Every structure is written in C-alpha cells, then in structure tokens.
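The next block holds one structure in the form of structure tokens; read it before the comments.
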Amino acid sequence: MQYVTFTLGGSLYGVDVTRVQEALRSHVRTRVPLAPVGTAGLVNLRGQVVLTIDLRPRLGLEPLADDAEPMMVVVQVAGEPISLLVDEIGDVVEVGPERFEQPPDTLDAELRELILGAYKLEGDLLLVLDVDAATAT
C-alpha cells in the first residue's frame, strides 16, 4: 500500500494514495455560517468550490496558531473533492501488509474511530486516516 503522509500536532498520518487528488498550500477560505465544528470553509480550486475540513478538532488537537499556515490535502470522498487542512505534507510511503496493525490502544476512543490502523516505520508511527469517517459531518 502507498500512503500520502502528513503531520498534524506532531503525529504522522497517512491517506491511501488512490484517494488523494493533490496537495497544495492553503487557499483563502470562505467561512460557512453555522457550519459544524471542523468545517473550515470553502475554497475555489481552479473554478471548483471545495469543502475544507480542519482535522485538528476532529483529532482532538488544539487549533493551529494564528500565524501558522496550514497545507491542504485534497482527497476524493464519494466522487467529490474535499480539502483537509494539515500542518505539513510528507512523502508518499510504501508499506507492506505484514506491517499493518490495529490502532494503538493508547489512542483516545474518539480518535480510534478515525484511524483504520497503524504501521511502524523507522523512528515513527504512521496512523492511517479513515478519510470517510474524518470527513463525515
């Protein structure tokens, strides 16, 4: 399996590379009034309006500092692009199925619902994000 990796709050996350459309610098977002927590707004990607999800509240992380500029990973969910705000974009990593493990017991219960599993990498732990669960409103 190949995963596009990114960091959030110092942890390494991955999304199946087949679900990723592109990775970009953050764009100007238009706020959506009365949107649920985690909905960061709408962005215009080459004429297409795309919903942007801030993963930090969904993963139980503090908001990003005001002067920090998040990156965007645009993923496909039910045939539609959705932008995920992340701290930094990583690499594409390839891991074998023999290294796949269930989400660590040390994760919070809410976070475990968003993580499909984990891979132990050299010096790091890759948490595989359930894109469908993480983007559900």
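The values are calculated or read from the model by the stated rules, or taken from the named source; none is laboratory data. As the structure is a computational prediction, the values presented were derived from the model and not from experiment. A quick note on method: Cβ atoms are made from the backbone with ideal geometry, for glycine too, and the neighbour counts reach across all protein chains shown. These area figures cover heavy atoms from the full protein model, side chains too; ligands, DNA and RNA do not enter into them. Shrake-Rupley method; radii C 1.70, N 1.55, O 1.52, S 1.80 Å.
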- Query: Given 0.36 nm per residue, what is the gain on full extension from E113 to D67 after removing their alpha carbon distance, in nm?
  - Reply: 13.5 nm
- Using the Cβ atoms and a cut-off under 14 Å, what net charge is assigned to the surroundings of T39, where Lys and Arg are +1 and Asp and Glu are -1? +3
- Message: Counting only protein heavy atoms and a 1.4 Å probe, tell me what percentage of the chain's accessible area is made up of carbon and sulfur.
- Response: 50 percent
- Message: Over 17 Å apart: what share of the alpha carbon pairs of the range 38-87 falls there, rounded to a whole percent?
- Response: 33 percent
- Amide H within-cut-off set for L59, under 5 Å, with H built and near neighbours excluded: none
- Item | nm² value of the averaged projected area, convex hull over the Cα atoms of the chain | 8.5 nm²
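Find the accessible area per residue for the range 2-135; the probe is 1.4 Å, ligands and nucleic acids are left out, and the unit is Å².
On the way: 7480 Å² over 134 residues.
Per residue, the range 2-135 has 56 Å² of solvent-accessible surface.
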- Using only Cα atoms, locate the centre of the range 62-128 and the centre of the range 7-34, then give the distance between them in Å, rounded to an integer. 10 Å
- Note, the range 104-115: 3J(HN,Hα) by Karplus (6.51, -1.76, 1.60, θ = phi - 60°), whole Hz, Gly/Pro = x, goes x, 5, 6, 6, 4, 4, 5, 5, 4, 5, 9, 10
